[in-house]
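The values are calculated or read from the model by the stated rules, or taken from the named source; none is laboratory data. Note that the structure is a prediction, hence the values are computed from the model and not measured. Cβ placement follows ideal geometry from the backbone for every residue including glycine, while neighbour counts extend to all protein chains displayed.
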Amino acid sequence: MFEQTFKNIDDTLWKDAGCSSELDYVEQTSWVLFLKYLDDLEKDKATEAELIGKTYTNIIAPKFQWTTWAAPKLENGKIDHNALTGDDLVDFVNGKLFPYLKKFKTDAEHANTIEYKIGEIFTELKNRIQSGYNLREVVNNIDELRFRTHKEKHEMSHLYEAKIKNMGNAGRNGGEYYTPRPLIKTIVKVVAPKIGNKIYDGAAGSAGFLCEAFEYLKNPSTSSGQGKGLSTADSEKLQKNTFYGKEKKSLAYIIGIMNMILHGVEAPNIIHTNTLAENLADIQEKDRYDIILANPPFGGKERAEVQQNFPIKTGETASLFLQHFIKILKAGGKAGVVIKNTFLSNTDNASIALRKELLSSCNLHTVLDLPGGTFTGAGVKTVVLFFNKGVSTKNVWFYQLNLDRNLGKTNPLTEKDLAEFVALQKTKAESENSWTVNIASIDSVTFDLSAKNPNTPEEAQLRKPKDILKEMAKLDKESADILATINELL
């Protein structure tokens, strides 16, 4: 049912003059979806309070609640046909609802409350749906959705994830937001965060890494090997003091917050800011994190004033992010970071200096070399760097993912593709696809880490031109003999 509802919403938005792309569809669906989610959340909290004999005070004032402006109901449960629609609905949303919700940001006690997130979301967003009749259709469709049970929330988070994926496939801009889910799951498994760790993504995008880390940690059988459920204190820790992110772009920021909320984190600690505008020299111990999981944007360029925040000057966005991650990781902390594979071998001064810094300040224990097509539409090859901070690198274990098919939009990466990597990585075993490089053996000037697999089965040697010509002459003679025999028969 949920899937059809999403399709109906997209069909409605397609007809609207204010929405022209998949990006607009996700953005506009998000704010309406968020308000419906908030209404269901408030109902749940009111029920919980009632069960323990307390009174719940609603976050949203009565005239701005979903059941007042969006879906006032008749006794039969149907939406009242007198509900706001057309110009009246658009005027109310643009002139009253959005200004009211924006104020939550300045009125909230602190940033990690749901009130603050409400204010931040509606400060960043605007209603782009121009037709009040289209908006009424969208509202009616979203009113059919439910967020009350675990199963409903789980299905909704998967559908929202699918929308983000479609957005990523819709164009180059969207591609920054979406990292293939099987790759994220694999990175989280290998890094293996624990409850109590502070987990950070400074290029959060749609918050896929933070969502997947939450899924991993809330299931103690995967994260600790124990089958028992989470304690109340652990659940509270996961909600408030575990996941942290920063995101520069408005739409990605909104989608990231929505994605985390739909996965079950009520007030995500994601900040709308340019991570790279922070001076590395200002990062103190209190600012550091235990775990970093990230896929910084490929191929971006930063201005000279941003580069001044970094000891290794470069315009390459991913290289600046890697410096930021090394600096903001705690001693003993663990990281899994996706980066272009050219990082391993680029000969410019900044790349060489950055490789030297990584190898000297961290233990780069694993490099996963991914095939082309892993990122739909990105057109670049990538590697995943797994490193721990505080000990210099002695050996790097490489794994080259060799598949018997080409990856693409209709043939994406799967968890099964990565299963051998996960299994072998535990012991850093040698195989046809994996090998270990001793850092003492690499070039001490360039620190070149190119992934050259010494265990690839040798291909048959190419024959010499003289031998090929000899073979061709032999085949020509055989052909001539056959033709002569046929002539005799005629």
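Please determine, by comparing only the residues of the stretch 123-143 that are in a loop (DSSP other than H, G, I, E, B) and among the charged types (D, E, K, R), which one is nearest to residue 9 (Cα to Cα).
128
Residue-wise test of (1) farther than 25 Å from residue 12 by Cα; (2) under 28 Å from the mean Cα position of the chain (by Cα).
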{"site": "80", "(1), (2)": "no, no"}
{"site": "90", "(1), (2)": "no, no"}
{"site": "93", "(1), (2)": "no, no"}
{"site": "106", "(1), (2)": "yes, no"}
{"site": "111", "(1), (2)": "yes, yes"}
{"site": "121", "(1), (2)": "no, yes"}
{"site": "145", "(1), (2)": "no, yes"}
{"site": "153", "(1), (2)": "no, yes"}
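Suppose we keep only residues that are of a type in the set (Lys, Arg) and more than 22 Å from residue 7 (Cβ to Cβ) within the stretch 102-153. Which one would you say is modelled with the lowest pLDDT?
Residue satisfying both the conditions and the ranking: 148.
Hey, any hits in the stretch 136-144 for a residue that's surrounded by fewer than 18 Cβ atoms within 10 Å (Cβ to Cβ) and within 21 Å of residue 48 (Cβ to Cβ)?
no
Has the stretch 354-367 got at least one residue that is touching a Lys or Arg at 6+ places or on another chain (Cβ under 7 Å) and within 19 Å of residue 318 (Cα to Cα)?
So far as the stretch 354-367 goes, yes, one or more of its residues are touching a Lys or Arg at 6+ places or on another chain (Cβ under 7 Å) and within 19 Å of residue 318 (Cα to Cα).
Consider residue 338 carefully, then state whether it is of a type outside the set (D, E, K, R) and surrounded by 20 or more Cβ atoms within 10 Å (Cβ to Cβ).
Considered against the rule, which asks whether it is of a type outside the set (D, E, K, R) and surrounded by 20 or more Cβ atoms within 10 Å (Cβ to Cβ), residue 338 comes out as yes.
Residue 426 - would you say it is surrounded by fewer than 17 Cβ atoms within 10 Å (Cβ to Cβ), out of contact with any Lys or Arg (no Cβ under 8 Å at 6 or more places or on another chain) and under 30 Å from residue 165 (Cβ atoms)?
Judged against the criteria, residue 426 is a match.
Residue under question is residue 329, and the condition is that it be more than 21 Å from residue 390 (Cα to Cα) and buried (at least 18 other Cβ atoms within 10 Å of the Cβ); does it hold?
When the stated conditions are applied, residue 329 does not pass them.
If residue 320 satisfies all but one of (1) part of a strand (DSSP E or B); (2) closer than 22 Å to residue 277 by Cα; (3) among the hydrophobic types (A, V, I, L, M, F, W, C), what's the number of the condition it fails?
(1)
Restricting attention to the stretch 270-292, which residues are more than 19 Å from residue 112 (Cβ to Cβ) and β-branched (Val, Ile, Thr)?
Listed by number, the residues that qualify are 283, 292.
Filtering the stretch 429-441 down to residues that are hydroxyl-bearing (Ser, Thr, Tyr) and touching a Leu at 6+ places or on another chain (Cβ under 8 Å), which residue is surrounded by the fewest Cβ atoms within 10 Å (Cβ to Cβ)?
Here the residue is 431.
Among residues belonging to the stretch 29-48 that are out of contact with any helix residue (DSSP H, G or I) (no Cβ under 8 Å at 6 or more places or on another chain) and of a type in the set (Asp, Glu), point out the one that is farthest from residue 166 (Cα to Cα).
Per the stated criteria, the residue is 48.
Which of the residues that make up the stretch 33-60 are part of a helix (DSSP H, G or I) and touching a Leu at 6+ places or on another chain (Cβ under 8 Å)?
33, 36, 37
Filter the stretch 6-64 down to residues that are among the polar types (S, T, N, Q), over 27 Å from residue 113 (Cα atoms) and touching a residue at least 24 places away in the same chain (Cβ under 8 Å) and give me whichever is surrounded by the fewest Cβ atoms within 10 Å (Cβ to Cβ).
Per the stated criteria, the residue is 21.
Name, by its number, the condition in (1) surrounded by fewer than 17 Cβ atoms within 10 Å (Cβ to Cβ); (2) touching a residue at least 24 places away in the same chain (Cβ under 8 Å); (3) assigned to a helix (DSSP H, G or I) that does not hold for residue 99.
(2) is the only condition that residue 99 fails.
How about the stretch 251-295: which of its residues are over 27 Å from residue 374 (Cβ atoms), in a helix (DSSP H, G or I) and at pLDDT below 90?
Listed by number, the list holds a single entry, 261.
Just to be sure, is residue 444 part of a loop (DSSP other than H, G, I, E, B), among the hydroxyl-bearing types (Ser, Thr, Tyr) and surrounded by 10 or more Cβ atoms within 10 Å (Cβ to Cβ)?
Judged against the criteria, residue 444 is not a match.
Among the residues of the stretch 357-369, is any assigned to a loop (DSSP other than H, G, I, E, B), under 25 Å from residue 456 (Cβ atoms) and assigned by TED's automatic domain parsing to the domain that holds residue 187?
No: zero hits.
Restricting attention to the stretch 367-393, which residues are surrounded by fewer than 20 Cβ atoms within 10 Å (Cβ to Cβ) and under 15 Å from residue 337 (Cα atoms)?
Those that are surrounded by fewer than 20 Cβ atoms within 10 Å (Cβ to Cβ) and under 15 Å from residue 337 (Cα atoms): 381, 388.
Need a quick list: helices (runs of 4 or more DSSP H) entirely within the stretch 159-219 having at least 3 residues that are at pLDDT 95 or above and either over 9 Å from the mean Cα position of the chain (by Cα) or surrounded by 21 or more Cβ atoms within 10 Å (Cβ to Cβ) (or both).
181-191, 208-217
Could you count how many residues in the stretch 22-32 are among the β-branched types (Val, Ile, Thr) and either modelled with pLDDT under 90 or not in a helix (DSSP H, G or I) (or both)?
1
Step by step: first the residues of the stretch 402-449, then only those that are under 26 Å from the mean Cα position of the chain (by Cα) and small (Gly, Ala, Ser), then the one that is modelled with the lowest pLDDT. Which residue is that?
For the stretch 402-449, the residue satisfying everything is 408.
State all residues of the stretch 273-297 that are more than 23 Å from residue 235 (Cβ to Cβ) and touching a strand residue (DSSP E or B) at 6+ places or on another chain (Cβ under 6 Å); if no residue qualifies, say none.
Of everything in the stretch 273-297, those that are more than 23 Å from residue 235 (Cβ to Cβ) and touching a strand residue (DSSP E or B) at 6+ places or on another chain (Cβ under 6 Å) turn out to be 273, 275, 288, 292, 294, 295.
So that you can scan it fast, the table gives a plain yes or no per residue for (1) under 18 Å from residue 31 (Cα atoms); (2) polar (S, T, N, Q); (3) at pLDDT 95 or above:
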{"position": "64", "(1), (2), (3)": "yes, no, yes"}
{"position": "69", "(1), (2), (3)": "yes, no, yes"}
{"position": "73", "(1), (2), (3)": "no, no, no"}
{"position": "78", "(1), (2), (3)": "no, no, no"}
{"position": "86", "(1), (2), (3)": "no, no, yes"}
{"position": "91", "(1), (2), (3)": "yes, no, yes"}
